[in-house]
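Some notes on the structure that comes next.
Derivation of every value follows stated rules applied to the coordinates shown; laboratory data play no part. Treat the numbers as computed from the prediction; the structure is a model and nothing was measured. All Cβ positions, glycine included, derive from the backbone under ideal geometry; neighbour counts span all protein chains shown.
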Amino acid sequence: MDDPDSPVGNWVHWTMWNISPKTNMMPEDEKLQGISEGMTNFGTSGYGGPCPNKGTHRYFFNLYALDTVLDLPADTTRSELLEAMHGHILAEAELMGKYKKVQDQNVG
């Protein structure tokens, strides 16, 4: 999951790999067995939710079907993940969602 509308450039909120092809849902706040998560621009691995400072931001979720299991460390970045997937992508899908922070308003 990444946000290309971040004022500092593309902001990586989440990377994960080795999701079983049998997976049809991801329960909230529950890590699925066998899945690895990589480094985000927050400086940690795991999910970092949307947090735009202003305006509407687009968040892209990219899903890739690979012909291999990836053996990568938890500090793997998005660019390193994409490099490791090169030549192994069988199919891909993309979902884009928008998020706009609602500003607090003083009611008088």
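Quick notes on this structure:
- Scanning the chain for GluC sites (Glu not before Pro) that sit in a DSSP loop and have at most 16 other Cβ atoms within 10 Å, the longest stretch containing none of them is 31-108.
- Here the chain is assigned +1 on the Cβ of each Lys and Arg and -1 on the Cβ of each Asp and Glu. Its dipole about the Cα centre then comes out at about 440 debye.
- Theoretical ellipticity at 222 nm over the chain - DSSP helices of four or more residues, -39500 (n - 2.57) apiece, nearest 500: -2000 deg cm²/dmol
- Of Thr76, Thr68, Thr15, the one that fluctuates the most in a GNM where the chain has Cα springs shorter than 10 Å: Thr68
- Antiparallel DSSP beta bridges within the chain, percent to nearest 5: 100 percent
- Just checking the listed ones, Asn62, Asn53, Asn24: in the Gaussian network model of the chain with Cα springs under 10 Å, the one fluctuating most is Asn24.
- Stretch in the chain that is longest and holds no trypsin sites (Lys or Arg not before Pro) that DSSP places in a loop and that have at most 14 other beta carbons within 10 Å: 55-100
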